[in-house]
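Note sheet for the following structure.
The values are calculated or read from the model by the stated rules, or taken from the named source; none is laboratory data. No experiment lies behind these values; they were computed from the predicted model shown. Heads up, the Cβs are rebuilt from the backbone with ideal geometry, glycines too, and the neighbour counts pull from every protein chain shown.
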Amino acid sequence: MNFTDKKTMKNTNNNKIPLTKLLQEALIDCIEGSGKSQKEVAELLGVSAAKLSDLIHDRRPLNSEMAVRLGLLFSTSPSYWLNMQADQKLRELLASKGAAIEAEVKPLAAVC
């Protein structure tokens, strides 16, 4: 398994999207799809516009409470948002340290 080449992915338009921005891109798409401004969405979420902006610009990590709020607002599950962030963080780790970790771990024969 080689993890070092997975720094970007292609979307359906063949544009490269940095994997570290999946959560932010999904959030922006949902906000734009709602027809509301970021300020209006923040008010609907019950959070400050600054808090939402920090999340959108990756200055604040997503926490469980915000995932619940986003899930309620956009009719998704909180897990949808949390899993996206977890996947994003895993991809970041694999891109930066995957090869080193792979070199250090001595796999067992298939046991699971």
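Yes or no, residue by residue, for (1) under 30 Å from residue 98 (Cα atoms); (2) at pLDDT 95 or above; (3) surrounded by fewer than 15 Cβ atoms within 10 Å (Cβ to Cβ):
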site	(1), (2), (3)
7	yes, no, no
24	yes, no, no
33	no, yes, yes
50	no, yes, yes
61	yes, no, yes
67	yes, yes, no
70	no, yes, no
77	yes, yes, yes
83	yes, no, yes
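Quick check on my filter: what residues within the stretch 54-99 are within 14 Å of the chain's Cα centre (by Cα), of a type in the set (A, V, I, L, M, F, W, C) and over 20 Å from residue 29 (Cα atoms)?
90, 93
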